[in-house]
Amino acid sequence: MSDLKGKTAIVTGASKGLGAAVARRFAEGGAQVTIAARSKEQLEQLAQEYPDQMLAVTCDVTQGDRVEAMVDQTVKHFGKLDILVNNAGVGRFGQIHELSEADWDLMMDVNLKGAFLTSKAAIPHLKDTKGHIVNVSSVAGTVTFPGGGGYCASKFGLMALSDVLTQELKKDEVKVNTICPGSIQTEFFRNPKSYALTAEQVTEAIWTMVTAPAGVIYNQVIMRPQVPPDMQK
Ligand SMILES: NC(=O)c1ccc[n+]([C@@H]2O[C@H](COP(=O)([O-])OP(=O)(O)OC[C@H]3O[C@@H](n4cnc5c(N)ncnc54)[C@H](OP(=O)(O)O)[C@@H]3O)[C@@H](O)[C@H]2O)c1
């Protein structure tokens, strides 16, 4: 349980859903965690659960200056950075001819540019600690579907960013981990499927990535819920 004792992490999109579950698990495992998102009140409530270990920082990941300030604040507060989890994400679904330009831009900004900005700000510190970047992509970053044009494009872009980061950071021994979950029971979808993965199940996979034995890198993991036979298409 205490495998992350002495480690410091940033989890973006930690005000709810998967990000909040990852932040809790990391804190329970002994880590100090900066929880970042836009919803101040939700972040502060979560930080109260682990007052000695969590730092709530309001941060929109699409704003480069805010991201830099959040990373600086983390390193000043905790002394270093070992793990960055790029989890903040949004989904807007509709066929291309129906999808608005604003929704397209939002997904590219949060899901792709956000991961670029946080990685860029964190990399110098992660090189110092030979740390981890965990990018939360999606099964939608590996296969496409009608109505997922903008979301899939943003997550396929994140896969490309992850691959480049893997290659660029190899010599510095910074490990890059990408997780591609299927449906998760969070507020991301209004009516999540009854068989969807829980945030805790996905969190366990992320935990395995960041606590991998020396010499082992879980570079990409695709994780799907088991669909009951009577609900399969
Ligand atoms: N749920 C699924 O079925 C599913 C499946 C595969 C992959 N994923 C991926 O898993 C990740 C987490 O999703 P989730 O299911 O936990 O969704 P969620 O419950 O809707 O949570 C999304 C999180 O992202 C944050 N966020 C959104 N825009 C942001 C911004 N501009 N700056 C900073 N934070 C921002 C939200 O916080 P604020 O609103 O407070 O900013 C929230 O904490 C996403 O990357 C998503 O694409 C989800």
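The values are calculated or read from the model by the stated rules, or taken from the named source; none is laboratory data. Model, not experiment: these values are computed from the prediction. In this analysis, Cβ positions are derived from the backbone assuming ideal geometry, glycine residues included, and neighbour counts consider all displayed protein chains.
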Out of 21, 14, 27, sole residue that is within 12 Å of the ligand (Cβ to nearest atom), within 25 Å of residue 128 (Cα to Cα) and of a type in the set (A, V, I, L, M, F, W, C): 14
Which residues, taken from segment 119-134, are farther than 21 Å from residue 66 by Cβ and touching a strand residue (DSSP E or B) at 6+ places or on another chain (Cβ under 9 Å)? 129, 130, 131, 132
Which numbered condition residue 145 fails, given (1) farther than 21 Å from residue 10 by Cα; (2) touching a residue at least 40 places away in the same chain (Cβ under 8 Å): (2)
In the list 193, 127, 120, 155, which residue meets the criterion of being touching an Asp or Glu at 6+ places or on another chain (Cβ under 7 Å), surrounded by 13 or more Cβ atoms within 10 Å (Cβ to Cβ) and not hydrophobic (A, V, I, L, M, F, W, C)? 127
Restrict the check to segment 19-32 and report whether at least one residue is assigned to a strand (DSSP E or B) and either touching a helix residue (DSSP H, G or I) at 6+ places or on another chain (Cβ under 6 Å) or buried (at least 20 other Cβ atoms within 10 Å of the Cβ) (or both). yes
In segment 217-227, is there at least one residue being more than 27 Å from residue 27 (Cα to Cα), within 16 Å of the ligand (Cβ to nearest atom), aliphatic (A, V, I, L, M) and surrounded by fewer than 18 Cβ atoms within 10 Å (Cβ to Cβ)? yes
Hits in segment 69-110 (condition: charged (D, E, K, R) and within 28 Å of residue 208 (Cα to Cα)): 72, 76, 80, 82
Mind checking whether some residue in segment 64-86 is closer than 22 Å to residue 137 by Cβ, within 11 Å of the ligand (Cβ to nearest atom) and either at pLDDT below 95 or not in a helix (DSSP H, G or I) (or both)? yes
How many residues does segment 39-57 hold that are without any contact (Cβ under 8 Å) to a residue 24 or more places away in the chain and buried (at least 16 other Cβ atoms within 10 Å of the Cβ)? 4
Return yes or no: is residue 61 within 10 Å of the ligand (Cβ to nearest atom) and in contact (Cβ under 8 Å) with a residue 24 or more places away in the chain? yes
Which of the residues belonging to segment 180-213 are near the ligand (Cβ under 6 Å from one of its atoms), among the β-branched types (Val, Ile, Thr) and in contact with a strand residue (DSSP E or B) (Cβ under 8 Å, 6 or more places away or on another chain)? 184
Mind checking whether some residue in segment 87-94 is away from the ligand (no atom under 12 Å from the Cβ), among the β-branched types (Val, Ile, Thr) and within 17 Å of the chain's Cα centre (by Cα)? no
Scope segment 115-148; condition away from the ligand (no atom under 15 Å from the Cβ) and at negative phi; matching residues: 120, 123, 124, 125, 126, 127, 128, 129, 131, 132, 146
Please name all residue pairs, on different chains or six or more residues apart, with Cβ atoms under 7 Å, provided the first residue is in segment 69-89 and is touching a residue at least 40 places away in the same chain (Cβ under 8 Å) and the second residue is loosely packed, with under 15 Cβ neighbours inside 10 Å and in a helix (DSSP H, G or I). 80/128
Any idea which of (1) closer than 28 Å to residue 99 by Cα; (2) within 19 Å of the chain's Cα centre (by Cα); (3) of a type outside the set (Lys, Arg) is the one residue 203 doesn't satisfy? (1)
Residue, nearest to the ligand (Cβ to nearest atom), within segment 34-56, restricted to residues that are over 18 Å from residue 89 (Cβ atoms) and not in a helix (DSSP H, G or I): 56
